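Report on one structure; see the data block that follows.
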Amino acid sequence: MIRLLYFARLREALGSVGEELAPQAGLTVEALMQQLAQRGGVWAEEFGSGKSLRAAVNQTLAPVTTEIHDGDEVAFFPPVTGG
Amino acid sequence: MSIRVQTEDFDVGAEINRLRQQRLDIGAVAAFVGQVRDLNQGDAVAGMTLEHYPGMTEKSLESIVQQARARWDIMDALVIHRIGHLKPLDQIVLVAVAGAHRGEAFHACEFIMDYLKTPFWKKEQTPHGERWVDARSSDDDARARWHEA
């Protein structure tokens with residue numbers, strides 16, 4: 001299983017702090033985003049093209065080509081604005 | 001090196017004293033304190049809530065401080081970042097760097113501050129309601145200058 005986390009504006013839009021998913025072999029961040037977008041509605045809005053989202057795999061910022069493996073923690077969030 | 005992410009306020013004087021008194025060869029401490037303003041993008045801000053990604057925040061702060069230590073000859077660094085609900089004049093962040101001389105301490109302190117914006121998100125309370133603050137391109141400009149020279 002992989003652990004998915006959503007933060008800030010994205011968390012509020014989705015109405016979810018996160019979930020667990022069984023990853024397919026060879027899953028990438030990009031493929032995962034497409035998979036989430038296929039749920040339709042707000043998921044399509046947030047994970048479909050156009051929105052600027054960042055991804056982190058195991059708490060490190062990750063490009064969309066990054067492969068996801070069983071046991072990974074994958075987080076999605078808007079560009080950061082702290083400090 | 002010390003990294004703290006906390007909801008409680010901090011005492012700048014006490015923190016700097018702890019940092020500077022560790023070693024007899026420390027000759028300079030540079031510090032930056034960030035606080036909440038009551039105005040942003042033209043609107044009055046009554047307060048804000050700072051959200052973060054526990055675990056990744058500490059990891060990325062440690063990495064930023066390590067980069068500063070690799071680049072400048074500093075002796076120690078302290079970063080305290082607050083999260084949760086904050087109101088105008090509340091302290092948000094403290095970066096303090098100890099070194100032998102001021103040049104290295106100043107540079108390392110500014111560098112750490114420029115890279116500090118990961119991964120925090122601000123939500124402001126204004127007369128028009130709550131809003132998430134968008135990332136600013138000026139922050140990217142501030143970071144880019146460290147890649148020159």
* For region B:7-28, indicate whether the set of residues that are at pLDDT 90 or above, in contact with a strand residue (DSSP E or B) (Cβ under 9 Å, 6 or more places away or on another chain), part of a strand (DSSP E or B) and more than 26 Å from B:His101 (Cα to Cα) is non-empty. => no
* Among A:Val80, A:Val64, which is assigned to a loop (DSSP other than H, G, I, E, B) and surrounded by 17 or more Cβ atoms within 10 Å (Cβ to Cβ)? -> A:Val80
* May I ask you to list the residues in region B:10-36 that are surrounded by 11 or more Cβ atoms within 10 Å (Cβ to Cβ) and of a type in the set (D, E, K, R)? => B:Asp11, B:Glu15, B:Arg18, B:Arg20, B:Arg23
* In region A:33-60, which residues are more than 12 Å from A:Leu14 (Cβ to Cβ) and either touching a strand residue (DSSP E or B) at 6+ places or on another chain (Cβ under 6 Å) or aromatic (Phe, Trp, Tyr) (or both)? -> A:Arg54, A:Ala55, A:Ala56, A:Val57, A:Asn58
* To do: Name the one entry in B:Val79, B:Val95 that is in a strand (DSSP E or B), under 22 Å from A:Ala8 (Cβ atoms) and modelled with pLDDT of 95 or more.
  => B:Val79
* Asked: So which residues in region B:81-108 are away from chain A (no Cβ under 12 Å), surrounded by 23 or more Cβ atoms within 10 Å (Cβ to Cβ) and among the hydrophobic types (A, V, I, L, M, F, W, C)?
  -> B:Ala96, B:Val97, B:Ala98, B:Ala105, B:Ala108
* Structure fact -> Every listed condition ((1) surrounded by fewer than 17 Cβ atoms within 10 Å (Cβ to Cβ); (2) touching a helix residue (DSSP H, G or I) at 6+ places or on another chain (Cβ under 9 Å)) holds for A:Gly40 save (2)
* To do: Answer yes or no: is there a residue in region A:67-74 that is at pLDDT 95 or above, assigned to a strand (DSSP E or B) and within 14 Å of chain B (Cβ to nearest Cβ).
  => yes
* Output the residue which, of all residues in region A:14-51 that are among the aliphatic types (A, V, I, L, M) and over 21 Å from A:Leu61 (Cβ atoms), is farthest from the other protein chains (Cβ to nearest Cβ). => A:Ala25
* Output the number of residues of region B:43-76 satisfying the condition of being assigned to a loop (DSSP other than H, G, I, E, B), without any contact (Cβ under 8 Å) to a residue 40 or more places away in the chain and either within 14 Å of chain A (Cβ to nearest Cβ) or of a type outside the set (A, V, I, L, M, F, W, C) (or both). => 2
* Asked: Is there a residue being crowded, with 17+ Cβ neighbours inside 10 Å and of a type in the set (Gly, Ala, Ser) anywhere in region B:45-67?
  -> yes
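The values are calculated or read from the model by the stated rules, or taken from the named source; none is laboratory data. The structure presented is a predicted model; accordingly, all values stated were derived computationally and were not measured. Cβ sites come from the backbone with ideal geometry, for glycine too, and all protein chains shown count toward neighbours.
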